[in-house]
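Remarks on the structure that follows.
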Amino acid sequence: MISSNDFESLDYSGLVDLLGKLTKQYTSELVDEPGAIDDEKIYFINLLIKEIEIREKLILDQSSNTSISF
């Protein structure tokens, strides 16, 4: 599994793609083995979501700072 330190090397699109892949993989595992909750994977997915939220905020902050006012 990718570590949280690997987030830094990914751009926003890469993070969203990774979230999609991990969510699909984990959902598939839950279907194959119902009730087999993997706290580590859930924690990692939550960290990934938080990182995406941080990046989104940075993107919004940058776009609001670069908007032209007349």
Cβ-based net charge around GLY14, under 15 Å, with every Lys or Arg adding one and every Asp or Glu removing one: -4
Cα lying deepest toward the dipole's positive end in segment 9-59, options TYR26, LEU47, ALA36, charges on Cβ: LEU47
Sequence ranges 29-37, 8-16, 44-52, ranked by mean other-Cβ count within 10 angstrom, highest first: 44-52, 8-16, 29-37
Cross-link partners of LYS24 among lysines (Cα-Cα below 22 Å; sequence separation of 8 or more within a chain): LYS41, LYS50
Expected 222 nm ellipticity per residue - DSSP helices of 4 or more, -39500 (n - 2.57), all of the chain, to 500: -24500 deg cm²/dmol
Cα centre as origin, Lys/Arg/Asp/Glu Cβ charges: the chain dipole, Debye: 280
Dimensionless Rg ratio for segment 9-59, taking C-alpha atoms and the 2.2 N^0.38 Å reference: 1.26
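Bear in mind that the values in this text are calculations on the coordinates, not laboratory data. Bear in mind that the values here come from a model prediction, so they are computed numbers and not experimental data. Don't worry about glycine lacking a Cβ; one is built from the backbone with ideal geometry, like all the others, and counts go over all protein chains shown.
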